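Below: the structure, in structure tokens.
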Amino acid sequence: MARVRVLVATKKGGFILTADAGRGDWDITGPLFEGCEVLHMQASPANPDRLYASVWTPWYGNVIQRSHDGGRSWTALPSQFEYAPPVEEYTGLSGQRVPWQIRKTWALTVTPLPDGTERILAGVEDAALFESRDDGATWTELSGLRHHSTHSLWEPGAGGLCLHTILPDPADPDRLYVAISAAGFFGSNDGGQTWQPLHKGLRLDWMPDPNPPAGYCVHRVAMHPDRPHVLFQQNHCGVYRSDDRGETWHNITEGLPSDFGFPIVVHAHEPDTVYVVPMIDGERHYPPGGSLRVYRSRDGGGTWEPLGRGLPDRHCYVNVLRQAMAVDRLDPCGIYMGTTGGQLYGSFDAGDSWEVIAGHLPRVLAIEVQTLED
Amino acid sequence: MAQVVVVLPWHLVRLTRASGREVCVEVEIPAGSRPTLGDVIDALAERDPVLATALREPVPGERPLDGRRFRLRPYIRAFAGSVDLTPAGLTAHLPSKCLDGREPVRFVGAIAGGTE
């Protein structure tokens, strides 16, 4: 009998929600790490009860926590992230030069390696990628990314200079992608040692040069594991699709009420079915007309349809952050969405209708979903 | 060696393997000098590296390894009894009353309300 476990990272701790395959009756555990911000929770694909959480407070900084029992108990790891030299400066929000500093871990990804071990990747703010091959005990920066020749063009978005998306190619352990706001989307074909910017076809609406080598505000990128050469991107300036591993992008925003939004996810069983949550624009992060709608495309971005059954029709001013949407692997596919207002919505018919799973959580920062087989 | 009693903030006890708010650590007394707040954190690191990571951070822009330098995290304050060690940071010398157990070294999370 399959089960679903939803890992919800929030401003005030982590929550774990579980349900059987019917997804009608949810058990909620939490808050974990009370009083702390949890930026992301992630699971090992090889051992689903091995979980990782990025926990942060303004006082004590960032601590990675690990559980070996599905989240019942946790151990803090001595996760000292240190940049590989040289450590220089970047241009801050106000144009001033700012020294690079490890602040928070935004994203954790666990990938199996051919030798049977696992590799954990951590995306941090200020933007850098770290790897651990010893279950989180030690971390090494994959510094080819931060030392990329375009790094002088990287600038923070409003959320900071954060590496928020890590996408390993399931068909090729040496290929992976990362997204950084606001640096752009980068791909590596050698396991993360060297990187190529993948920006052809994207645009930077607000800059004098709309097509610089880097500096793009990529909000989120998604792929279907069975078709990893096709990528979908929600950018600050539109929704894009690439059919060639990010080499070129074309705009698929037409049919959406706005080019702005944060998350983008792909249906678990239909590689051409994509979901986004448009927000009105980059200054007003709320749904157009105060009406929360998920938009679905079933033809890879050619056409879009609004999905609103069960979602608020008016006076809704929440946002859905970039990591706060995920899918399960059941059939029909479940879609999960957490809001800045603390609502966790679920759709158990691939988006046709939605219901509130939890209505009063803290601000939801990130969601991951595990589909578990007993 | 001095036995220094350290009082940890509540949050840090929950985040780490500390069994309670009071932790006793052994700190070496340098010849002709007194141990520093940084020495106390080094001793805490031997007990649980997470404690040290949570109390100090690398100075931004500094290169690590041999030239590594840390600083107290911005929202952490440290007291020896009622004496505020925070302004001098990790180089602050412990008063003798902390070296013979009369007063603890106390780490406090700065009061910083107002956010969500």
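The values are calculated or read from the model by the stated rules, or taken from the named source; none is laboratory data. The structure displayed is predicted, hence computed values, not measured ones. Note that we place each Cβ from the backbone using ideal geometry, even for glycine, and neighbour counts take in every protein chain shown.
A few points about this structure:
- Restricting segment B:10-53 to residues that are within 14 Å of another protein chain (Cβ to nearest Cβ), of a type in the set (S, T, N, Q) and assigned to a loop (DSSP other than H, G, I, E, B), the residue that is farthest from the chain's Cα centre (by Cα): B:Ser19
- Qualifying residue in segment A:144-151 (condition: hydroxyl-bearing (Ser, Thr, Tyr) and over 18 Å from the mean Cα position of the chain (by Cα)): yes
- Taking (1) among the polar types (S, T, N, Q); (2) in a strand (DSSP E or B); (3) within 14 Å of chain B (Cβ to nearest Cβ) in turn, A:Thr138 satisfies each apart from (2).
- One residue from A:Ser132, A:Ser143 being closer than 16 Å to A:Ala43 by Cβ and modelled with pLDDT of 95 or more: A:Ser132
- Considering (1) in a loop (DSSP other than H, G, I, E, B); (2) surrounded by fewer than 22 Cβ atoms within 10 Å (Cβ to Cβ); (3) touching a Phe, Trp or Tyr at 6+ places or on another chain (Cβ under 9 Å), the lone condition that A:Tyr216 does not fulfil carries the number (2).
- Selection of segment B:75-88 for residues being in contact with a Pro (Cβ under 8 Å, 6 or more places away or on another chain) and within 14 Å of chain A (Cβ to nearest Cβ) yields only B:Tyr75.
- Residue list for segment A:36-77, restricted to those being within 20 Å of the chain's Cα centre (by Cα) and more than 14 Å from chain B (Cβ to nearest Cβ): A:Leu39, A:His40, A:Met41, A:Gln42, A:Ala43, A:Ser44, A:Pro45, A:Pro48, A:Arg50, A:Leu51, A:Tyr52
- Checklist (1) away from chain B (no Cβ under 14 Å); (2) without any contact (Cβ under 8 Å) to a residue 12 or more places away in the chain applied to A:Leu108, failing item: (2)
Okay, residues lined up against (1) aliphatic (A, V, I, L, M); (2) modelled with pLDDT of 95 or more; (3) within 21 Å of A:Trp59 (Cα to Cα); (4) surrounded by 21 or more Cβ atoms within 10 Å (Cβ to Cβ):
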{"residue": "B:Ser19", "(1), (2), (3), (4)": "no, no, yes, no"}
{"residue": "B:Glu28", "(1), (2), (3), (4)": "no, no, no, no"}
{"residue": "B:Arg34", "(1), (2), (3), (4)": "no, no, no, no"}
{"residue": "B:Ser82", "(1), (2), (3), (4)": "no, no, yes, no"}
{"residue": "B:Ala112", "(1), (2), (3), (4)": "yes, no, yes, no"}
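- Selection of segment A:11-29 for residues being assigned to a strand (DSSP E or B), buried (at least 17 other Cβ atoms within 10 Å of the Cβ) and not β-branched (Val, Ile, Thr) yields A:Gly13, A:Gly14, A:Phe15, A:Leu17, A:Ala19.
- Candidate set: segment A:114-135, residues that are of a type in the set (Gly, Ala, Ser) and assigned to a strand (DSSP E or B); chosen: the one nearest to A:Val98 (Cα to Cα): A:Ala128
- Flag: A:Ala222 matches the condition of being in a strand (DSSP E or B) and not aromatic (Phe, Trp, Tyr).
- Strands (runs of 3 or more DSSP E) wholly inside segment A:37-78 containing at least 2 residues that are in contact (Cβ under 8 Å) with a residue 12 or more places away in the chain and closer than 15 Å to B:Val50 by Cβ: A:51-57, A:61-67, A:75-77
- Residue count for segment A:64-91 under the criterion of being exposed (fewer than 15 other Cβ atoms within 10 Å of the Cβ) and among the small types (Gly, Ala, Ser): the result is 1.
- Qualifying residue in segment B:55-65 (condition: farther than 18 Å from B:Gly89 by Cβ and more than 9 Å from chain A (Cβ to nearest Cβ)): no
- Pairs are defined by a Cβ separation below 8 Å, a sequence spacing of at least 6 or placement on different chains, a first member in segment A:210-226 that is in contact (Cβ under 8 Å) with a residue 60 or more places away in the chain and among the basic types (Lys, Arg), and a second member that is buried (at least 21 other Cβ atoms within 10 Å of the Cβ) and outside any strand (DSSP E or B); the pairs so defined are A:Arg220/A:Arg322.
- Of all residues in segment A:273-301, those satisfying the criterion of being touching a residue at least 60 places away in the same chain (Cβ under 8 Å) and in a loop (DSSP other than H, G, I, E, B) are A:Thr273, A:Gly300, A:Gly301.
- Residues that are more than 25 Å from A:Gly159 (Cα to Cα) and surrounded by fewer than 24 Cβ atoms within 10 Å (Cβ to Cβ) within segment A:316-342 comprise A:Arg329, A:Leu330, A:Asp331, A:Pro332, A:Cys333, listed in sequence order.
- Residue ID - nearest to the chain's Cα centre (by Cα), chosen from residues in segment A:82-119 that are within 23 Å of A:Asp174 (Cβ to Cβ) and hydrophobic (A, V, I, L, M, F, W, C): A:Ala107
- Sole exception among (1) in a strand (DSSP E or B); (2) of a type in the set (Val, Ile, Thr); (3) without any contact (Cβ under 8 Å) to a residue 40 or more places away in the chain for A:Val318, by number: (1)
- Among the residues of segment A:88-103, those that are outside any loop (DSSP other than H, G, I, E, B) and more than 9 Å from every other protein chain (Cβ to nearest Cβ) comprise A:Tyr90, A:Thr91, A:Arg97.
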